[in-house]
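First comes the structure, then the notes that go with it.
Please treat every number below as a calculation from the coordinates, not as lab data. None of these values were measured; they are calculated from a predicted model. No Cβ is skipped: glycine too gets one built from the backbone with ideal geometry, and neighbour counts run over all protein chains shown.
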């Protein structure tokens, strides 16, 4: 990529990659920014625009429709994304003058369209600038689903699902939380240092750190820039991981000397956390269906100084008969719709439909059934997802335990601080929500094989 490309043009290229080529926004950002020599402020601007537009795309497009006399399907993808960039800056970035947002968008329209395109972009953005506080929204009383869908840029099916289950107030709070910028949470590598020692180390990195909410190993980093450029990261002193994800390994409770199987281990956060809890003693077998993701797990283990993980590319839906009843602990962090991590990966909102759910659920059931065969009598099985849909969570567990009565749900209250005590812990599971618990949305359930 041309390193002289402007930050706004880079955003345009990334949006096109995500929209047209179905790339993941986080991976496209990493690739494009990795090939640039931008200053920190420009890198932050690019990241903010990409994620901001992904988060608010439905409202942005709704705004464009109100001021455009051309149907959206008739607008070229390049010009449409230029409009989205301009509207986002006008509506959400007070530090950017509206005139600058308009002018820079017009320049891009001239390059990626023609003279008429630039006039079209200029007209719409000037109109939005003058009337941004007078947008006509769906009526909250007569169309509450439509209102929340547009207001918080979530697909109507998603809003309707949560509205039906949790009610309007909870759904609004959840959608709002999904659009917030998540904190940068890391797990201290206690194989190398203590939490307090890492906090002191971070001061030398000219950043700051504060203690997390629910885990002794959790720190929240602030003002650190690109994490991978920190010497503390390169030296393996921490791993980026949300607290909800850390709780999965805590619930599994692996001990030094255990044989643990992590059937869906990439990118390695939970796998390396388990090794840490095991004091790097014992054995962890980790699988992922994609070889390139296994390389991520191996790289993380090497950086963190962990040598008990045997990671290999393998399909968790296919039984490994040689491991039947061999494992002390098995983790099934199942592939899922990912609706609990929308705040980190906002493009998930636009990549999932109700039609995807049937295939996802079938795969989850298959993987859980196969993986349960590896648990020795008396051993433990943990099922987790980063989603908020019952079909992928408790309904999976209910169907599994009905077909496999030897597996009994276990009280998991001991693994959670008082601030996270929920009634369901005694029943063996917990559902975490971004709006309530200030974490990623996660489901965690623990079962023991009795015989």
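Some observations on this one:
- The calculated FRET efficiency for residue 96 paired with residue 4, based on their beta-carbon distance and R0 = 22 Å, is about 0.55.
- Label zone at residue 210, where the point sits 7 Å out along the Cα-to-Cβ direction: the range 179-196 residues whose backbone N lies under 19 Å: 180-188, 195-196
- Difference of contour (0.36 nm per residue) and Cα-Cα distance, residue 203 to residue 427: 76.4 nm
- Computed lengthening from residue 376 to residue 255, 0.36 nm per intervening residue step minus Cα-Cα distance: 42.0 nm
- Compared with the dominant principal axis of the Cα atoms in the chain, helix 40-55 is inclined by about 90°.
- Protection proxy ranking of 71-79, 327-335, 189-197, 46-54 - average other beta-carbon atoms within 10 Å, highest first: 327-335, 46-54, 189-197, 71-79
- Spatial offset of the range 250-315 relative to the range 231-247 amounts to 14 Å, using the alpha carbon center of each.
- The spacing between the range 31-64 and the range 426-451, judged by their C-alpha centroids, is 33 Å.
- For the chain, adding -39500 (n - 2.57) for each run of n ≥ 4 DSSP H residues and dividing by the number of residues yields -14500 deg cm²/dmol at 222 nm.
- Principal axis box of the chain, alpha-carbon based, largest edge first, Å: 72, 52, 39
- Distances between every pair of Cα atoms in the range 43-131, grouped in 10 Å steps from 0 to the bin holding the largest one, split as 18, 57, 25, 1 percent.
- Computed from label points 7 Å out along Cα-Cβ, the spacing between residue 166 and residue 313 is 3.8 nm.
- Mean Cβ neighbour count within 10 Å, used as a protection proxy, ranking 305-314, 234-243 highest first: 234-243, 305-314
- Each of residue 366 and residue 299 was given a label point 7 Å from its Cα along the Cα-to-Cβ line. The distance between the two points is 2.9 nm.
- Given their separation in residues at 0.36 nm each and the Cα-Cα distance between them, residue 65 and residue 22 gain 13.1 nm when the chain is fully extended.
- Angle between the chain longest axis and helix 25-34 axis [Cα atoms, degrees, rounded to 10]: 80
- Estimated FRET transfer efficiency when R0 is 60 angstrom, pair residue 103-residue 234 (beta carbons, to 0.05): 0.90
- With Cα atoms, 0 to 90° folded angle of helix 156-166 axis to the chain main axis: 50
- Rounded is the label for the range 243-449, because the ratio a/c of its alpha-carbon gyration tensor axes (a ≥ b ≥ c) stays below 1.5.
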